[in-house]
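Asker: Here it is, the structure, as structure tokens.
The values are calculated or read from the model by the stated rules, or taken from the named source; none is laboratory data. Predicted model only: the values in this text are computed from it and were never measured. Here the Cβ positions follow ideal geometry from the backbone for every residue, glycine too, while neighbour counts run over all protein chains shown.
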Amino acid sequence: MTIIQILVIAAAALFWGLVMRERGRSYFLLITSVIVIFWLQPSLPLRGFDFWIPTSTLIVAVFSWYISASEESRREKKNWGTISILAGMILFINLTRFLPFDSIITRSRPPQTVFLFMVLALSGLLFFFITRLKHFNPSLLSTSIIGLIAVFLALKVPALAYWVSYGIRSLANQSLLEAASTDLRWLGFSYIAFRIIHTLRDRQMGRLPVVDLAEYVTYIIFFPAFTAGPIDRIERFIKDLRTPPTPDNDELLIAGQRFMMGLFKKFVIADALALIALNDTNALQIRSTGWMWMLLYAYAFQIYFDFSGYTDIAIGVSRLLGIQLPENFSAPYQKPNLTQFWNNWHITLTQWFRAYFFNPVTRWLRSWKKPMPAPVMIALTQIATMLLIGFWHGVTWNFALWGLWHGVGLFIHNRWSDMTKVRAAAWATTPSRKTLLNVSGIIITFNFVALGWIFFALSSTSTSMQVFLKLFGLR
């Protein structure tokens, strides 16, 4: 997001907080979120896809709600009003194609309206068919999760993304020679998919709260957290959504301070560090080991201030609207070991993987008649979890190496902690020794994490290896 977009979104939230207060809150959040996902979607080489991708987001959200909702919730008549609002908003945005000036919501001119009616009609027929099923098939939940993962892979695996682009260009009569893996950028899909999978899995486990369609769609596309999180849980989000907000002066001041802090982190500190941070361009130009370390440390702080800045902005804007999003960062670079680092870095993502992958897999492995040795189980689950977190960012070799780096690091820390905790406790009997132990842990952890950022910052493994060698004076 640009600073102009962020300021416009904040101004809309502030207007509601100061002027509207409790009036029309649910509809304001729903309609504004719909507009924002169209407005923020970047322009794409594929004709009209800056319109079709947000439209697809809404269609996927509606279908996900239906297959995860309770029978009682599905029958509520107000859901049809929500469908009418969503369809009306999509049509309204499409009709901006007839304005005598460039579109102010989508990046390019929306596609032909007749095509939109065809897509909405087909979606409506499919929705009607599903609603006519006499017996709800639980396999729909598993199929939907697999479908979301398949779309995720189609977007994140460069080879698959290329062929998807090639196929779309063939159907749209666009140049096949210009097909590229970067043609299809679905804004916010990683966060959308994780929120939807969370609701589908909770429905399978019988713990999903009863929510109507408007509440569900608002949760999925909530505009302050749409592009960069945090990944909120629906039961916590719905509790705030249903609680009448009390935007008094103190709350507005706290929200404003958090928002301004986020702007300062992102657009002052992070953007300044970006000028000297490690990237593909300067990685091969630096000849000095000292300068290479400086670039690496600059990147480590840049990514923190960039990401945590966006989180502060999202939390500040949400508080204006009476929604208290969860924290996503808690001084991660000040933690004395890698486990604590991951408990305080991108907290909601870590908690998501812990709840929906690490814990279920660990329970499954422990349920075997002949359980594997504990160290092997710990190594397997920690490395697998971190590999998946790496792939969540992108299915490339560098992200795989980044996940492997942290997975192995967590396992080593786990084993080292078990072996030395008695000796460490016996040695650290004075405040100075405790401080020394803590500070040394912080320094080692920070440098380990910083070295891992090499795989994150660079696009190829060969460049990453060259940077590693340069850092240690081997090249």
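Asker: Give me the residue from region 211-246 that is out of contact with any Asp or Glu (no Cβ under 6 Å at 6 or more places or on another chain), surrounded by fewer than 21 Cβ atoms within 10 Å (Cβ to Cβ) and within 19 Å of LEU14 (Cβ to Cβ) and, out of that set, modelled with the highest pLDDT.
Answerer: ASP240
Asker: Then there is this: Scan region 273-282 residue by residue and report those that are part of a loop (DSSP other than H, G, I, E, B) and crowded, with 19+ Cβ neighbours inside 10 Å. Full working, then the answer.
Answerer: Of all residues in region 273-282, those part of a loop (DSSP other than H, G, I, E, B) come to 274-279.
Of everything in region 273-282, those that are part of a loop (DSSP other than H, G, I, E, B) and crowded, with 19+ Cβ neighbours inside 10 Å turn out to be ALA277, LEU278.
Asker: Against the definition (more than 26 Å from TYR219 (Cα to Cα), in contact (Cβ under 8 Å) with a residue 24 or more places away in the chain and under 21 Å from the mean Cα position of the chain (by Cα)), how does LYS265 come out, yes or no?
Answerer: When the stated conditions are applied, LYS265 passes them.
Asker: Residue by residue through region 332-349, note down the ones that are part of a helix (DSSP H, G or I), within 18 Å of the chain's Cα centre (by Cα) and over 26 Å from ASN279 (Cβ atoms).
Answerer: First, the residues of region 332-349 that are part of a helix (DSSP H, G or I): 332-334, 338-342, 347-349.
With the extra rule that they be within 18 Å of the chain's Cα centre (by Cα), the set shrinks to 342, 347-349.
Within region 332-349, ILE347, THR348 meet the criteria.
Asker: Taking the residues in region 121-173 that are within 29 Å of the chain's Cα centre (by Cα) and part of a loop (DSSP other than H, G, I, E, B) as candidates, determine which candidate is surrounded by the fewest Cβ atoms within 10 Å (Cβ to Cβ).
Answerer: Among residues in region 121-173 that are within 29 Å of the chain's Cα centre (by Cα) and part of a loop (DSSP other than H, G, I, E, B), the one surrounded by the fewest Cβ atoms within 10 Å (Cβ to Cβ) is PRO138.
Asker: Here's a follow-up. Just to be sure, is LEU401 surrounded by 18 or more Cβ atoms within 10 Å (Cβ to Cβ) and under 25 Å from THR182 (Cβ atoms)? Step through it out loud before you land on a result.
Answerer: On the way: surrounded by 18 or more Cβ atoms within 10 Å (Cβ to Cβ): yes; under 25 Å from THR182 (Cβ atoms): yes.
For LEU401, the condition - surrounded by 18 or more Cβ atoms within 10 Å (Cβ to Cβ) and under 25 Å from THR182 (Cβ atoms) - is met.
Asker: Also, quick follow-up: Quick one: is PHE358 within 20 Å of LEU153 (Cβ to Cβ), part of a helix (DSSP H, G or I) and under 22 Å from the mean Cα position of the chain (by Cα)?
Answerer: Working: within 20 Å of LEU153 (Cβ to Cβ): no; part of a helix (DSSP H, G or I): yes; under 22 Å from the mean Cα position of the chain (by Cα): yes.
No: the conditions fail for PHE358.
Asker: I'd like the full set of residues that are touching a residue at least 60 places away in the same chain (Cβ under 8 Å), farther than 19 Å from GLY256 by Cβ and assigned to a helix (DSSP H, G or I), limited to region 283-331.
Answerer: ALA283, THR289, MET292, TRP293, LEU296, TYR297, TYR299, ALA300, ILE303, PHE307
Asker: Report yes if some residue within region 4-16 is surrounded by fewer than 14 Cβ atoms within 10 Å (Cβ to Cβ) and assigned to a loop (DSSP other than H, G, I, E, B); otherwise report no.
Answerer: no
Asker: For region 174-211, what are the residues that are within 25 Å of ALA228 (Cα to Cα), touching a residue at least 40 places away in the same chain (Cβ under 8 Å) and not in a helix (DSSP H, G or I)?
Answerer: Listed by number, the residues that qualify are ALA180, ASP183, LEU184, ARG185, TRP186, LEU187, GLY188, LEU208, VAL211.
Asker: If you go through region 125-170, how many residues are hydrophobic (A, V, I, L, M, F, W, C) and modelled with pLDDT under 85?
Answerer: The number of residues fulfilling the criteria is 8.
Asker: Enumerate the pairs (first residue in region 103-131 and assigned by TED's automatic domain parsing to the domain that holds GLU71; second residue anywhere and buried (at least 16 other Cβ atoms within 10 Å of the Cβ) and of a type in the set (A, V, I, L, M)) with beta-carbon separation below 6 Å, excluding pairs fewer than 6 apart on the same chain, so at least 6 apart or on different chains.
Answerer: ILE105/ILE93; SER123/ILE59
Asker: Can MET89 be described as without any contact (Cβ under 8 Å) to a residue 60 or more places away in the chain, under 24 Å from ILE31 (Cβ atoms) and not assigned by TED's automatic domain parsing to the domain that holds ALA400? Don't jump to the end; show me each part of the working.
Answerer: Values: without any contact (Cβ under 8 Å) to a residue 60 or more places away in the chain: yes; under 24 Å from ILE31 (Cβ atoms): yes; not assigned by TED's automatic domain parsing to the domain that holds ALA400: yes.
For MET89, the condition - without any contact (Cβ under 8 Å) to a residue 60 or more places away in the chain, under 24 Å from ILE31 (Cβ atoms) and not assigned by TED's automatic domain parsing to the domain that holds ALA400 - is met.
Asker: Could you please give the count of residues in region 425-468 that are in a helix (DSSP H, G or I) and surrounded by 13 or more Cβ atoms within 10 Å (Cβ to Cβ)?
Answerer: 28
Asker: Of all residues being at pLDDT 95 or above and among the hydroxyl-bearing types (Ser, Thr, Tyr) in region 266-303, which is nearest to PHE472 (Cα to Cα)? Just the residue, please.
Answerer: Only one residue fits best here, namely TYR297.
Asker: I'd like to verify a number: residues in region 245-262 that are assigned to a loop (DSSP other than H, G, I, E, B) and touching a residue at least 40 places away in the same chain (Cβ under 8 Å), how many?
Answerer: From region 245-262, those assigned to a loop (DSSP other than H, G, I, E, B) are 245-248; that's our starting set.
Narrowing further to those that are touching a residue at least 40 places away in the same chain (Cβ under 8 Å): 245-247.
Going through region 245-262 one residue at a time, the tally reaches 3.
Asker: Would you point out which residue out of ALA283, ALA274, ALA300, ALA255 is over 29 Å from ARG201 (Cβ atoms) and touching a Phe, Trp or Tyr at 6+ places or on another chain (Cβ under 7 Å)?
Answerer: Only one candidate passes the filter, namely ALA300.
Asker: For residues in region 68-91 being assigned to a helix (DSSP H, G or I) and more than 23 Å from ILE105 (Cβ to Cβ), which is nearest to the chain's Cα centre (by Cα)? Outline the logic, then answer.
Answerer: Let us first name the residues in region 68-91 that are assigned to a helix (DSSP H, G or I), namely 68, 71-74, 78-91.
Within this subset, residues satisfying the condition of being more than 23 Å from ILE105 (Cβ to Cβ) are 68, 71-74, 78-80.
Details: SER68: 21, GLU71: 30, GLU72: 31, SER73: 28, ARG74: 28, LYS78: 30, ASN79: 27, TRP80: 29 Å.
Going through the qualifying residues, I end up with SER68.
Asker: Consider region 369-428. How many of its residues are in contact (Cβ under 8 Å) with a residue 40 or more places away in the chain and touching a His at 6+ places or on another chain (Cβ under 6 Å)?
Answerer: Qualifying residue count for the region: 1.
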